[in-house]
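These notes are about the structure you will find just below.
The values are calculated or read from the model by the stated rules, or taken from the named source; none is laboratory data. Note that the structure is predicted; figures quoted are calculated from it, not measured. Please note: Cβ atoms are built from the backbone with ideal geometry, for glycine as well, and neighbour counts cover all protein chains shown. The area values use the complete protein model at the heavy-atom level, side chains included, leaving out ligands, DNA and RNA. Shrake-Rupley method; radii C 1.70, N 1.55, O 1.52, S 1.80 Å.
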Amino acid sequence: MKTNSNQSIKIFKFIGLVTLLTIITKVVGFIREILIGINLGTNNEADFIILTLTIPTFIYLIIGGAFTTSFISIYLKLDEQAKARFLSVVNRVINVFSFTVIVALVLGYYLVPYLRSQNFTVYITAIPSIYFYIKSSFFSGILNANKKFIKSATAILLNNVLFIIILIILQIFTTSLATYAIAFLISSIIMYWYLYAEVRVEIEFQKFQFKENIFKEETTKRFLKLSLPIVLGGASTQLYALMQRLYAIKLDEGYIAAVNYASKLVLLPQGIILTGITTVIFPYLAKMVSDKDISKLKSSYVKGEKLLFYILGILSINIIVFSKEIVSLIFEYGSFDSTSTYKTALMLKFMVIGMYFSTIAAFITRYYYAYEKNNYPVIVGFFSVFVMNPLLFGILEPHVKEVSLPLSTSLSLIVQFILLKFKLKNFTGVEFIKAKVLIPRVIFISIYFISIQYMYIFLSNYTESYVLFISATLQFIFILPLVFLLKKMKILKF
């Protein structure tokens, strides 16, 4: 019993540290974007640089993330000798894949009219970073599988910091667009070598001489079979963002930008929390599945779901109530006027309803991945994006106009969560939420919402910064300690 308690403390310690590093990384990454904006503004050069740097990043997040998840899921279920061979197999698969993608993107320059009109030198300088990003993701997976979470989390922070430093140094000598591509490439190379050095401390790469084609290896087939659905699942998340912007074309002018700003505000806290939890918990899940420890699996899910409910529930309520003040304080400068604030706050207010369900759905998929049940989450994801979302938008748009866009997205995310949770019991034993858990949570969230709403009415006549500061202070002093006290007294058992 004591061992389980110590392990839980250790897991939460890792989650806290990884989350802290993720927050710092996100902030530094945001500063990087500000730096590009200050230097280039919103012109053709800025569009080209952002697109050029986004391509490797997108592939790193979608493809690299899929490879890493599949790798951990298989790696932790193998014996030591099989692990060494599997490492070598995956390493070669990634090398082949990276080279193929780079060649395809170079050819794409000549096939896409927009790219042909841009600077080839800048483009070709940035594209090779794809190799270093994908290999870095693989190395991070090895470190996470060996429970070296902090070292892998530090790598992206190092990458963002180095990009800023190298760019500033280069721009002392020239303001050429190539400085962005060079800084991007060099920072990815240094991140690669940093992670490679850390991996070599943990394991020894054993070089196998493959007489046969590596793609005929059973582990290769298993690895690719797991990776493809995860790639499609990651792509479905990105398609949500794309579909939102396409739907916004039907709305009044300015709502495409409003949707973009609102989604960034939702994704920032969601990304920080989800990254901190899933980065740490997934290797443990894969090991639990390998050990067939169902009781620990159920316990980890219950604790994780409860943690996400309280954190994101409280955060969502504050964003809903103070949406106007948040948007105004962050964005309302220069051309971003009160009308822009109204549109963005309206999108944010309804979009944040789906934040918890989007996060918990991503959390649940890690259990599917740990069991190598990847197909169902992909089917559910595509159903939510391509069936439920457009269907709900079509039904709601004539009646509630602009609100239909964020509301249809949030409702489709709720459907996605229900479908994922419903089938989770089949292999984990985790039951769908019971009434004795659901009813107290609904009561708690309702009381909290009413309390914050009354607080807002009392403070609404003051400035945005004052309202946010006072509300945060009052919650810290009175409301949150009360929740923890009730929990300690075991009055809150849900």
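How much area per residue is accessible in segment 91-141 when the probe is 1.4 Å and only protein heavy atoms are counted (Å²)?
About 43 Å² of surface per residue is accessible.
In square nanometres, what is the average projected area of the Cα convex hull of segment 140-197?
Orientation-averaged projected area of the Cα hull: 3.8 nm².
Accessible area per residue of segment 296-436 at 1.4 Å probe, in Å²?
I get 41 Å² per residue for this part.
Using only Cα atoms, locate the centre of segment 421-455 and the centre of segment 286-329, then give the distance between them in Å, rounded to an integer.
If we compute the Cα centre of each part, the gap is 11 Å.
How big is Rg to Rh over segment 361-412, alpha-carbon atoms, Rh as the Kirkwood inverse-mean-distance radius?
Result: Rg/Rh = 1.15.
Taking segment 398-470, which chymotrypsin sites (Phe, Trp or Tyr not before Pro) meet the DSSP loop condition and have no more than 14 other C-beta atoms within 10 Å?
432, 462
Distance in nm between label sites at residue 442 and residue 176, each 7 Å beyond Cα in the beta-carbon direction?
For residue 442 paired with residue 176, the spin-label model returns 6.5 nm.
With no solvent and one equal point scatterer per Cα, compute the Debye intensity ratio I(q)/I(0) for segment 57-152 at 0.18 Å⁻¹ and report its log10, rounded to two decimals.
-0.82
Please work out the C-alpha center-to-center distance from segment 63-104 to segment 129-186 and express it in whole Å.
About 21 Å separates the Cα centre of segment 63-104 from the one of segment 129-186.
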